[in-house]
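Structure, as structure tokens:
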Amino acid sequence: MNTLKQTQPPTPSTQSGFTLIECLLAIIIVSVLMVAIAPAVVISTATRLQARRVELATQSARAYVDGVRSGSIPPPPNVIYFQYQSKDDLSNQSLFTNAGVPTGAASWSCTPGYVTATQPVAPTLANAAQYYCPDGNSTWQLYCVDLDGGGCSSTSPKDLVIQSFRSITVPPPPATPNYTQLPGSQAEADKGYFLGIRVYRADGLKDSGALRKTAVDAQGTSKRQLTHTAGVGDSKSPLVELTTEIGPEAQKDPSGRWKELCKRLGGAGCPQ
């Protein structure tokens, strides 16, 4: 005779599954957190891109100065007239600060002539048109910094352009604007000069609007591009601005080599 064994009831589980309401609450909480941190992620990414852009602009400005100083890049065709001044007169410096700005044009683009030339182009002021590109109004000559190939274009998010201008010291300044383009005069450039530089994004030239120069408003806010931004940044404002000195070319007469520098610095008793 078989004895029936009594079966034990299953042990109830100590863990129960999530209910539909709990799943929905979890989704809502995660969504709220993502919405909360999204602006910080966007700002962080945009700031890193802008900081990288400023870094490239700084490197480009330094490379341009080195090229002009070594003679591998012609001096800028645009000049600003400086008066002979005393060492305490700062009016000439303000001419650099207040120098005009380039203007863009629809579908602006440029490939410097020396890039496509079949023969090497000597980097002299007479050949400056082969190294510089005109702005939308053909007033300012810009140096192209091609970072993605194919020349500089206002549709490129990477390309940069350098606005540069140099000083000419004259006894009285002529009755002309404080900046203009001169016929190629290498002898004048060989005397040395102050060099002003503004580096812009090429996409700032995508329309007929003028670019901007650094200024300080009533609140003390600089108009130069900031390294932190929540978007694509201000393409019309300069990334970098600087002024430096390009020394005179070596000459046989030491006094002739340094007299122009002495005049620019306003020293007393400069050789004539």
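Things to note:
- The listed residue being among the basic types (Lys, Arg), surrounded by 13 or more Cβ atoms within 10 Å (Cβ to Cβ) and at pLDDT 85 or above, out of ARG62, ARG52: ARG62
- Test: residue in the range 136-149 that is part of a strand (DSSP E or B), at pLDDT below 90 and more than 21 Å from SER235 (Cα to Cα): no
- Test for THR45: is it assigned to a helix (DSSP H, G or I) and either exposed (fewer than 13 other Cβ atoms within 10 Å of the Cβ) or basic (Lys, Arg) (or both): yes
- Selection within the range 224-252 - modelled with pLDDT of 85 or more, more than 15 Å from the chain's Cα centre (by Cα) and not charged (D, E, K, R): THR244, ILE246
- Single unsatisfied condition, PRO76 versus (1) in contact with a Lys or Arg (Cβ under 9 Å, 6 or more places away or on another chain); (2) over 14 Å from ARG166 (Cα atoms); (3) not basic (Lys, Arg): (2)
- Test: residue in the range 215-223 that is at pLDDT below 85 and either surrounded by 17 or more Cβ atoms within 10 Å (Cβ to Cβ) or of a type in the set (Val, Ile, Thr) (or both): yes
The values are calculated or read from the model by the stated rules, or taken from the named source; none is laboratory data. These figures come from a predicted structure and were not determined experimentally. Neighbour counts run over all protein chains shown; Cβ positions are idealised from the backbone, glycine included.
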